[in-house]
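Read the structure below first, then the notes.
The values are calculated or read from the model by the stated rules, or taken from the named source; none is laboratory data. Model, not experiment: these values are computed from the prediction. Virtual Cβ from ideal backbone geometry, glycine too; neighbours counted across all protein chains shown.
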Amino acid sequence: MPVQLRKPTERVCERCGRTEIWDEEASAWKIARDEAGDREAGDVYCIHEWDINGDFVPFENR
Ligand SMILES: [Zn+2]
């Protein structure tokens, strides 16, 4: 196994697209922001179904 430079600290809701990132200092999930700076909060009424990335994949194909 290679040295883990980035921890799997991102989760995406499969239903509404809400994206959260793990804030290590606060020990809590924070809502991610997209490239425009908008919060990717998704649907507040959604029962989120999290797809937690085991492997962090950089966004190279966007
Ligand atoms: Zn959701």
Problem set entry | Criterion: within 16 Å of the ligand (Cβ to nearest atom) and at pLDDT below 95 - qualifying residue of 53, 61 | 53
Exercise. In segment 12-38, which residue that is surrounded by 15 or more Cβ atoms within 10 Å (Cβ to Cβ) and among the charged types (D, E, K, R) is nearest to the ligand (Cβ to nearest atom)?
Worked result: 18
